[in-house]
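> After the structure tokens below, expect a handful of questions from me.
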């Protein structure tokens, strides 16, 4: 747990520093786009895209894809419901929890929702190359 918090703080601290290295070029294939929730791009350079999302209680992301090569960090965790088509699972992710997410096609009909009573703050760190340029 302590390591996850340290990682979160380190990523946030490096975001400001690394922004000076920002190439200025946007690689849309590396962005995570939730149809129902706007995100904030904290950093994009030739190696990574860092995005932050806040999912309010009762809010669902909407069906979306993932480009793969993604690390997520729960700045503030919470209770999730995760859907792939008609199948749904639930979980509770604590503050500072970290995980890896594989490439997920839009055809998998994936979406997640906050089923708790507090906002969930989430960082997505996408490693490049991604999308069609990523190797399996």
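The values are calculated or read from the model by the stated rules, or taken from the named source; none is laboratory data. Model, not experiment: these values are computed from the prediction. Note that each Cβ is placed from the backbone with ideal geometry, even for glycine, and that neighbours are counted across all protein chains shown.
> Can you find a residue in the range 111-125 that is under 19 Å from residue 30 (Cβ atoms) and out of contact with any strand residue (DSSP E or B) (no Cβ under 6 Å at 6 or more places or on another chain)?
No, the range 111-125 contains no residue that is under 19 Å from residue 30 (Cβ atoms) and out of contact with any strand residue (DSSP E or B) (no Cβ under 6 Å at 6 or more places or on another chain).
> What single numbered condition from (1) over 15 Å from the mean Cα position of the chain (by Cα); (2) in a loop (DSSP other than H, G, I, E, B); (3) at pLDDT below 95 fails to hold for residue 116?
(3)
> Just the residues that are crowded, with 17+ Cβ neighbours inside 10 Å and under 13 Å from the mean Cα position of the chain (by Cα), please, taken from the range 102-112.
Scanning the range 102-112 gives 111, 112.
> In the range 42-55, is there at least one residue being surrounded by fewer than 16 Cβ atoms within 10 Å (Cβ to Cβ) and either at pLDDT below 85 or within 23 Å of residue 119 (Cβ to Cβ) (or both)?
No; the residues of the range 42-55 include none that is surrounded by fewer than 16 Cβ atoms within 10 Å (Cβ to Cβ) and either at pLDDT below 85 or within 23 Å of residue 119 (Cβ to Cβ) (or both).
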